[in-house]
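Written out below as structure tokens is the structure these notes cover.
The values are calculated or read from the model by the stated rules, or taken from the named source; none is laboratory data. The structure displayed is predicted, hence computed values, not measured ones. Reconstructed Cβ throughout: ideal geometry from the backbone, glycine too, with neighbour counts over all protein chains shown.
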Ligand code: G1P
């Protein structure tokens with residue numbers, strides 16, 4: 001059973017500045033919802049009940065988004081806008097939310113370690129807020145990974161093949177294929193130069209982790225970029241336990257840079273019946289030949 005998730009949201013989003021100067025990156029809108037909503041929704045649809053956000057001092061608006069707002073509630077009640085009241089109530093109650101702080105940006109591995117006390121001794125999901133995973137069959141990527149965890153009782157990371165040109169932007173795994181979408185991981189390396197990459201299977205932002213990772217992260221020295229890397233922690237975990245890689249076959253959207261975020265917003269809006277006709281009508285007027 002995986003009932004808890006960690007979502008690190010402490011970073012500035014320097015690749016989307018100046019938009020993220022005062023608006024936390026997780027709140028950048030994708031259609032009519034903040035990016036982070038879709039990540040939380042994937043976790044909840046996969047059975048997660050408790051979400052631990054790892055935040056920083058400029059991320060209070062993320063807490064506010066998932067908390068009740070009595071003043072707004074009164075305004076919507078006065079306008080008799082029950083549809084929006086219902087939507088907001090759903091967001092505020094879709095999971096139990098906890099918030100822990102990462103005081104200094106010491107890396108993704110360090111951010112995960114900050115959630116240790118909130119999570120306790122259970123296996124947990126880790127979802128990175130930049131990555132939105134679209135499953136054409138409606139079964140969330142994380143749900144599929146939890147299915148693997150339930151069978152194997154070992155950590156599971158999501159991967160996708162990437163072109164050679166992108167290999168150095170990701171954690172890359174080496175391993176043996178043991179099923180159509182399943183590999184057993186033998187090694188991992190964080191953002192290797194292409195010449196040193198053991199494959200083109202890139203880690204995308206979903207993990208199911210056994211709690212032993214916390215002890216390991218507490219002793220993991222800074223790695224690439226001078227940061228404590230989850231990938232390095234997972235390499236150490238490999239010496240103790242097997243790790244599996246679930247190859248995601250759906251569509252991944254990276255909202256971490258401006259073109260990626262704009263693309264994601266258009267793609268998600270086009271899937272919404274209330275927005276698609278108007279947006280399509282505009283897109284059809286564009287001369288995209290240039
Ligand atoms: C992180 C991980 C990396 C992974 C990537 C997926 O990197 O460290 O292993 O491939 O997320 O999005 P970041 O993009 O935060 O630098």
Residue 14 being surrounded by fewer than 16 Cβ atoms within 10 Å (Cβ to Cβ) and either farther than 28 Å from residue 145 by Cβ or in contact (Cβ under 8 Å) with a residue 24 or more places away in the chain (or both):
yes
Which residues, counting only those in segment 164-210, are in a loop (DSSP other than H, G, I, E, B) and within 11 Å of the ligand (Cβ to nearest atom)?
170, 191, 192
What do you reckon, is residue 215 assigned to a helix (DSSP H, G or I), more than 19 Å from the chain's Cα centre (by Cα) and on the phi < 0 side of the Ramachandran plot?
yes
Condition (residue is part of a loop (DSSP other than H, G, I, E, B), touching a helix residue (DSSP H, G or I) at 6+ places or on another chain (Cβ under 8 Å), at negative phi and within 16 Å of the ligand (Cβ to nearest atom)) applied to segment 13-23: is it met by at least one residue?
yes
Please work out if residue 263 is within 16 Å of the ligand (Cβ to nearest atom), at pLDDT below 95 and under 19 Å from the mean Cα position of the chain (by Cα).
no
Please find, among 156, 100, 148, 112, the residue that is more than 14 Å from the ligand (Cβ to nearest atom) and closer than 21 Å to residue 36 by Cβ.
100
Within segment 224-240, can you find the residues that are touching a helix residue (DSSP H, G or I) at 6+ places or on another chain (Cβ under 7 Å) and farther than 20 Å from residue 8 by Cα?
236, 237, 240
Just a yes or no: is a residue in segment 217-234 in contact with a strand residue (DSSP E or B) (Cβ under 8 Å, 6 or more places away or on another chain), within 14 Å of residue 186 (Cα to Cα) and more than 10 Å from the ligand (Cβ to nearest atom)?
no
